[in-house]
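Chemist: Below: one structure in structure tokens.
What follows is calculated from the coordinates using simple rules that are stated; it is not laboratory data. Given the structure is predicted, the values throughout are model-derived calculations rather than measurements. Cβ: placed from backbone, ideal geometry, glycine included. Neighbour counts: every protein chain shown.
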Amino acid sequence: MIRYAARRLLTAVPLLLVISFLAFLLQQLAPVDPAEAVLHAQGVPQVTSELIAQKKAELGLDRPLLRQYASWLASSVQLDFGLSYVTGKPVWSLLGPAFMHTLQLTAVSAAAIILLSVALGVYCALREDAWPDRATRGAAFLLTAMPPYWLAAWLVWLFSVKLDLLPTSGMDSAASFVLPTAVLAVGYAGVYFRVIRSSMIAGRNEDYVLYGRANGLTERAITRRVLANSLQVAVPMFGMAVPILLGSTVVVENVFAWPGLGNLSVKAILGRDYPVIQAFVLLLASSFVVFNAVSEVLSGLLNPRLRKDL
Amino acid sequence: MKHSRNALSAIFILFLIFASGCSGSGNEPAAEAAKQGQAREIIYASSKDINDMNPHLYSGSMPAQGMIYESLVEKTEDGIKPLLAESWDISEDGMSYTFHLRHGVTFHDGSPFNAEAVKVNIDAVQANAERHAWIKLSTKIKEVRATDEYTVQLLLDEPYYPTLLELSMTRPYVFLSPKDFINGQTKDGVAGYDGTGPYRLADQKPEQYAVFEANESYWGGAPQVKRITAKVLPSGETTLLALQKGEVNFIFTDDRGADGVDVEAMQSLVDSGRYQLLRSKPMNTKMIAANSSSTGPVHERAVRLALWHAVDRETIAGQILHGAESPADSLFSGNVEYADIPLAKRGYDLKHAAELLEDAGWKLENGGETRVKNGRQLALKLYYDAASSSQKTEAELIQSAAKTIGMKLELIGEQSSSVAARRASGDYDLLFNQTWGLAYDPQSTVSAFTAESSYARTTGGIEGVEELYAKIGKVTGTRDEEKRKALYKEILTTVHDEAVFIPITHGSMAVLAPNDLEGVAFKQTQFELPFELMHFK
Amino acid sequence: MKRISRLLSDRLALLSLAVLAAIAAAGMLAPWLAPHPPDEVNMALRYGPWSLHYLLGNDQLGRCVLSRILYGIRPSVLLVLAAVLASVLIGAAVGMAAGYAGGRTDALLMRLCDVMLSFPGYVMTLAVIGVLGVGLQNILLAFILMKWAWFARIVRSSVRQIADADYVRFARTLGTGSLAILFRHILPVCVPELAVVASSSFGSTLLQVSGLSFLGLGIQAPQAEWGMMLSEARQSMFSRPELMLAPGLMIVLTVSAVNFLSDAMQQAVDPQAGSSKRHQPERAEAALIGREVA
């Protein structure tokens, strides 16, 4: 087991290196000269070519590419991503808090998605093809086809303005989490619950269920066993959901003025703040890789049969 | 089959959602009722965070800085009036200003405001003089002397008539407690934000909100509104919903001229009976800056003139802005000092615009939509503030008019900071901008024609630019009123002829405030609001 | 063939296909179908109500909403479709090469896929936009850069399963060229699963593209695009809610049709709910590959 875990985590390392190199290259591809951009951000009124050359040397931009990459990587690991082109402040001072805020939203949403998917999946599987099942699937269908900002706008108008139950935006209180989480959960749970549902339906047709019934097990006990097996299938799926969520909160954060990564990245793009964009890409891609590796290890823990695939 | 039932259910639920959604808009929220009896506060929405509040640098929010810091003097409708300086004397030769400071003023951290504090502040600004090159006063200051505890002497290299005016600006010549300096300087950051103003910064969560509390020991008397919160909300519907619900109860035009919600939305809030809308007198001119030093087609005067004729100011002012702003035909309106001069009026005339382009050699080639000259297309990029819905609509209107005369405009929306960066670096053809407004027009805006961080690129490519810059350098030192008038006339006429600033409308500040807030007024600057004068009924 | 006939017998799937075909046709024929030019500004008609002349009314610049919806099909639907097809083709090519060649080429290409797959949805798109600037073409480029890896993986695993099959070996001994083998024996195996994943990712990409246009990062004015139209309508959401209706409904309609079709295809590919356990994780994965919800 340990060997499996170690091997799995180790294969993540070269992947991380490649990703970091690609993220580093982003800045090279940008149409803006980094030295010039930093000078303008610092408000230097007269940007001459001597000043640019000076700044270039200062930032180490005249060294060979690989050496620049090496030092960039070294400082990135220490969370030093350079200075923002817009505010001139360290990138991490913007990215850090934003990451935490998005992480919080993601965690709460992930929990909601898992609960909702499992609940709906079981509910519908047990009433296969009955009216509640069809209604739920119909509703899910519609809600996942709706652009999330549209859904968000109506939800805010209904729950926040008309019924005055929840705040319209911001991250002030526990209540602020409700609407953004609802929008995110609806989108994902609408898809995931069907997987649980079909997995459970498939499970109920399995042989062991027949044997179980023949041996006198209660319906409840059988359902629980089928659910347990379905969940096993679902674990990697939910595992993938979290990092995907982490990077997909952009629109929701915009509508709800959530001070997270999504908002920050859009502002950075519209503000041509390349160091922030770069750090954002690196952060998310690395999280994705690490998360995947960890979740595969966890799956391996739960289901020894999967370990052979490595 | 399963699918058809799914579809039916889907349609039914869709119907339900829309039935509930279409039943009218905006009801009275319960929030307001709860607020009765509690100390009322102002909560305003801004699309930008207040950022770094260092008063000697430029990334902070100006309205916020205006609440916390103060300058020696203030520009009012009746001219320069005392603020932190009670009185002043100007020497015969105009090169020495002696200020007698107000007694008994303290910074928010308790430190006394005195001549020494003034001296270290101005010295700190001057230590970073390059950064302040846009404000010409910084290039004229020779020395600051604290002659006794409440007297300060400011010595200049040469006479500079806008001295008092520039000292009255929101930044950089405002005062921070010397205890907040780092190593005796402010240019590398400050340890705190203690000013002398009516409000002090109590709490700040970056990108979320900032809270200002009344300075109870303010020399002008403690303000009546005890708490002001600035919430960071994207403009548009998020701000509108917050206003409808009462989570935010105040918005005003930001320092780049963008409004939190559009005119119609503001009107609907007023109609709901909870809000009042106030508009200041016209304060500035909103225009398009055309980069004459670009390598693209915009460096040609004919192209700029043609674009001028393609802007339908009447429609923009009347329809897009609902009459809130008036059409502008010149960079400075006639009531701005020194700007009451005869300038050629260029109306909305697409035919004439097409002729101008034709004569300049831009021709339409076999059925093409865009004019071509020397193998190059007449294609220009116009940058606008992505947070301003009115700018986008104006841009689209101009784009469609330009299309009819064979000019292709590509519209690109960016953050206002990025547009400002482009202005400084010259990486643009056209961008939306506005003059600096009442207190600064015309002298500071005109001075800025030569400043790299402002309009140097915009004006850099015109004919006779050297002479223009020379005149601009001279005009501020000229003590003879007649000579000054003549110089400004020449400067403004040149800039008008070269069409590097294409005026659109005369803008003003708009404030949407709760109905029970009184004392809402405007200052002589579009960058600050006198919150200390406001009080709830 | 059995699967196609199974697909076609599902009436709702047929309906979805018909709807999608109609939308696609409308988009391609937009210059002839649209009653007015989509960017014809007419300030006098600002926010015009539904009328005989302007069936769906006018937007904030007096432009005909119906015409903009029709022209909007092109970037919102047709270009996305093209991007999906492009990534399928690239992915299939790479997957087939990897699966058939095996060995080191296979390992290298699959590592490459892993790298591309580590950039989750929006991140890749934002990175590309951040560097190359805003615009629809950049979003689609980002999408292709990302999604080809998914398709490559699917194709490769199918190929791997088949490549060692007996009948392929027989074909090889008979002297049939590699390319012929690929096309005649291997490709047909991959197509069903590819179709399922491609169709579900089409739906989610459509939502993503409109989401990015909504944020101002996608198509630029004055071109019509459904997400952009929703963003503009957002400004007057409460004074004129009807402006948000048309583009929103079109998106819901199109994405629903795509999802229905995708589901039907999945049913046709694997009609029995209770297949062997080994299939299930892959099916779960397949169902979700495309579904990176906006």
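Chemist: Which residues in the stretch B:173-202 place their backbone N less than 16 Å from a point set 7 Å from the Cα of B:A521 along the Cα-to-Cβ direction?
Modeler: Residues B:198 fall inside that zone.
Chemist: Based on the alpha-carbon gyration tensor of the stretch B:395-537 and its eigenvalue square roots a ≥ b ≥ c, which shape applies: rounded if a/c is under 1.5, prolate if not and a/b is larger than b/c, or oblate?
Modeler: oblate
Chemist: Also: Using all Cα-Cα distances in chain C, what percent lands in each 5 angstrom bin from 0 up to the longest?
Modeler: 1, 5, 11, 14, 15, 14, 12, 10, 7, 5, 3, 2, 1, 0, 0, 0
Chemist: Further, regarding this structure: First select every other residue whose beta carbon is under 14 angstrom from the beta carbon of B:M534; then total the charges, Lys and Arg +1, Asp and Glu -1.
Modeler: Spelling it out: positives minus negatives among the neighbours equals 0.
Chemist: Given the convex hull over the Cα atoms of the stretch B:378-417, what projected area results after averaging over all orientations, in nm²?
Modeler: Projected over every direction and averaged, the Cα hull of the stretch B:378-417 covers 2.5 nm².
Chemist: For the stretch A:93-270, report the translational diffusion coefficient in µm²/s to the nearest whole number, using Stokes-Einstein at 25 °C, 0.890 mPa s, and a Kirkwood Rh over Cα pairs.
Modeler: 138
Chemist: If I fit a long axis through the Cα atoms of helix C:279-289 and take the longest principal axis of the Cα atoms of chain C, what angle between them do I get, 0 to 90°, rounded to 10?
Modeler: 30
Chemist: Rounded, prolate or oblate for the stretch B:397-464? Axes are the square roots of the Cα gyration tensor eigenvalues, ordered a ≥ b ≥ c, and the cut-off for rounded is a/c under 1.5.
Modeler: The shape class here is prolate.
Chemist: When chain A is modelled as a GNM with alpha-carbon springs shorter than 10 Å, which of A:K55, A:K267, A:K162 fluctuates the most?
Modeler: Checking each option, the largest mean-square fluctuation is seen for A:K162.
Chemist: Counting only helical runs of four or more DSSP H residues, what would the 222 nm mean residue ellipticity of chain B come to if each run contributes -39,500 (n - 2.57) and the total is spread over all its residues?
Modeler: -8500 deg cm²/dmol
Chemist: Give me a comma-separated list of calculated 3J(HN,Hα) values for the stretch B:46-62, in order, Karplus coefficients 6.51, -1.76, 1.60 applied at θ = phi - 60°, integers in Hz, x for any Gly or Pro.
Modeler: Computed from phi, the couplings for the stretch B:46-62 are 9, 7, 10, 6, 6, 6, 6, 8, 4, x, 9, 10, 10, 9, x, 6, 5 Hz.
Chemist: I would also like to ask the following. Membrane-span-like helices in chain B: DSSP H runs reaching 18 Å or more (Cα, own axis), mean Kyte hydropathy at least 0.0?
Modeler: TM-like helix candidates: B:2-21.
Chemist: Say we join alpha carbon atoms closer than 10 Å with springs in a Gaussian network model of chain A; which of A:V18, A:V252, A:V266 then has the biggest fluctuation?
Modeler: A:V18
Chemist: Once phi is turned into ³J(HN,Hα) by the Karplus curve 6.51 cos²θ - 1.76 cosθ + 1.60 with θ = phi - 60°, what whole-Hz value does each residue of the stretch C:40-45 show in order, with x for glycine and proline?
Modeler: So the J values, rounded to whole Hz, are 7, 7, 8, 4, 5, 9.
Chemist: Could you tally the net charge around B:S425, taking each other residue with its Cβ under 15 Å from the Cβ of B:S425, Lys/Arg +1 and Asp/Glu -1?
Modeler: Here the charged neighbours net out to -1.
Chemist: Taking only Cα atoms, what is the 0 to 90° angle, nearest 10, from helix C:226-235's long axis to the longest principal axis of chain C?
Modeler: Around 40 degrees separate the two axes.
Chemist: What whole-number distance in Å separates the alpha-carbon centres of the stretch B:200-248 and the stretch C:182-242?
Modeler: Using only Cα atoms to place each centre, the spacing works out to 39 Å.
Chemist: How many percent of Cα pairs in the protein assembly as shown exceed 41 Å?
Modeler: Every Cα pair in the protein assembly as shown considered, those over 41 Å come to 48 percent.
Chemist: Using the beta-carbon distance between C:A21 and A:L115 and R0 = 41 Å, what value does 1/(1 + (r/R0)^6) give for FRET efficiency, to the nearest 0.05?
Modeler: 0.55
Chemist: Angle between the Cα long axis of helix C:242-269 and the longest principal axis of chain C, 0 to 90 degrees, nearest 10?
Modeler: 20
Chemist: Using the Karplus curve 6.51 cos²θ - 1.76 cosθ + 1.60 with θ = phi - 60°, what ³J(HN,Hα) values do you get for each residue of the stretch C:148-161, in whole Hz, with x for Gly and Pro?
Modeler: Those phi angles translate into 4, 5, 4, 5, 4, 4, 4, 4, 4, 5, 5, 4, 4, 5 Hz.
Chemist: Mind scanning A:K267/C:K147; B:K81/B:K474; B:K48/B:K136; A:K89/B:K48; A:K267/B:K48 and naming the pairs with a C-alpha gap bigger than 22 Å?
Modeler: Too far apart for the 22 Å limit: A:K267/C:K147; B:K81/B:K474; B:K48/B:K136.
Chemist: Restricting things to Cα coordinates, could you compute the convex hull volume per residue of chain A in Å³?
Modeler: 167
Chemist: Please report, in Å, the Rg and the Dmax of the stretch A:2-77, where both are computed over Cα atoms only.
Modeler: Just the Cα atoms of the stretch A:2-77 yield Rg and Dmax of 17.3, 60 Å.
Chemist: To continue, here is another question. Kindly identify chain B as rounded, prolate or oblate by the Cα gyration tensor criterion: order the square roots of the eigenvalues as a ≥ b ≥ c, call it rounded if a/c is under 1.5, otherwise compare a/b with b/c, prolate if a/b is larger, else oblate.
Modeler: In terms of gyration-tensor shape, oblate.
Chemist: Shifting gears a bit: Which cross-chain or sequence-distant (5 or more) residues have an amide H under 5 Å from the amide H of B:A387, H modelled 1.01 Å from N in plane?
Modeler: Result for B:A387 returns B:S416.
Chemist: Then there's this: Scan chain A and note any complete DSSP helix (H) whose C-alpha atoms cover at least 30 Å along its axis and whose Kyte-Doolittle average is -0.5 or more.
Modeler: Span-like helices in chain A: A:2-29, A:91-126, A:174-204, A:219-247, A:274-302.
Chemist: Give me the net charge for the shell around A:T223: Cβ to Cβ below 14 angstrom, other residues only, Lys and Arg +1, Asp and Glu -1.
Modeler: +4
Chemist: When the helices in chain A are scored as -39500 (n - 2.57) per DSSP H run of 4 or longer and the sum is shared across all residues, what 222 nm value do you end up with, to the nearest 500 deg cm²/dmol?
Modeler: Theoretical 222 nm ellipticity from helices: -25500 deg cm²/dmol.
Chemist: If you don't mind, there's one more thing I want to ask. Evaluate the stretch B:428-472: find the radius of gyration of its Cα atoms, find its Kirkwood radius, and give the ratio Rg to Rh.
Modeler: In the stretch B:428-472, Rg relative to Rh is 0.97.
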